[in-house]
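The values are calculated or read from the model by the stated rules, or taken from the named source; none is laboratory data. Bear in mind that the values here come from a model prediction, so they are computed numbers and not experimental data. Because the Cβ atoms are built from the backbone with ideal geometry, glycine has one as well, and the counts that use them run over all protein chains shown. All accessible areas refer to the heavy atoms of the entire protein, side chains included, with ligands and DNA or RNA removed. Shrake-Rupley method; radii C 1.70, N 1.55, O 1.52, S 1.80 Å.
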Amino acid sequence: MSYVPGDPWAGGERPLTLALPKGRMLAEVAALCARAGIAAAASLAAGDDPEALVLDDEPSGVRLLLVRPGDVWSYVAFGAADLGITGKDVLEEKAGDARGGWLDPPGAVELADLGAGACRMVVAGPPAGAGLWPWRRLQAGRLRVATKYPACARRALGGGPAEVEVIPLAGSVELAPLVGLADVIVDLVATGRTLRAHGLVEYEVLFSSTARLIANEASLRLREERLLPLAEGLEAAAREAPARQPAAEGRESPCAG
């Protein structure tokens, strides 16, 4: 059922709102939602393109929001959604988002690892530099790092003797070492196929990333009786989910971020 503006379910109790990530991981996390009793997620799990960005499931009392993976945290932390599912990479990047002099950022609590969309945040670069990387990252001098995850890159590689220069990019990060823009990249990978296609190799794994269930701090306190059963249902669905087969060569895995 699509959302009807101005109709908060005919004056009944406000639905629990769950933000889901659009894109490659949507079908996998929607399947968990369907197994947890949210019937409106079934068509998303089947891979159907959603006609609306807000879907109501009145039997379960849940409203689904379909948003960009990187925006799930914002919808949850700022209170537009009670719960959300997004990759650990997003949470790690947001953890480094606070800046001096800004208001304290709002809160989102990580409740569970749902295991979907497994991938890893890595340092990668040309093959010639792989053997030297453990030594290079501990040496003084400038180290240029291109990435879509500047906070993760600074936290992982900064603080040592190297002078880390982070170069933010919105996409095509693999190109940066090939044209001399950066020495290495920090990026999220699943199969590594894209790295190999550009002649790059992994130097170091910084952390693993899977889909995480997060909750708004205020909702967790004020709506605990409604929120926790849904969270437990999603956790149970994740435990019972069939084991994912490794992505076939040449196919992209539905990476968490």
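Any residue in segment 199-210 that is under 18 Å from the mean Cα position of the chain (by Cα), farther than 23 Å from VAL72 by Cβ and not in a loop (DSSP other than H, G, I, E, B)? Yes, segment 199-210 contains a residue that is under 18 Å from the mean Cα position of the chain (by Cα), farther than 23 Å from VAL72 by Cβ and not in a loop (DSSP other than H, G, I, E, B). Do we find a residue being out of contact with any helix residue (DSSP H, G or I) (no Cβ under 9 Å at 6 or more places or on another chain) and of a type in the set (Gly, Ala, Ser) anywhere in segment 73-84? Looking through segment 73-84, none of the residues is out of contact with any helix residue (DSSP H, G or I) (no Cβ under 9 Å at 6 or more places or on another chain) and of a type in the set (Gly, Ala, Ser). Condition check for CYS255 on (1) open to solvent by 50 Å² or more (accessible area, probe 1.4 Å); (2) modelled with pLDDT under 95: one failure, at (1).
Looking across LEU178, LEU195, one residue alone is more than 30 Å from LEU16 (Cα to Cα), without any contact (Cβ under 8 Å) to a residue 60 or more places away in the chain and either aliphatic (A, V, I, L, M) or touching a His at 6+ places or on another chain (Cβ under 7 Å) (or both). It is LEU178. Within segment 87-108, the presence of a residue that is buried (at least 22 other Cβ atoms within 10 Å of the Cβ), in contact with a helix residue (DSSP H, G or I) (Cβ under 6 Å, 6 or more places away or on another chain), over 21 Å from PRO150 (Cβ atoms) and modelled with pLDDT of 90 or more is excluded. Scanning segment 141-155 for residues that are surrounded by fewer than 20 Cβ atoms within 10 Å (Cβ to Cβ) and touching a strand residue (DSSP E or B) at 6+ places or on another chain (Cβ under 6 Å) yields a total of 4.
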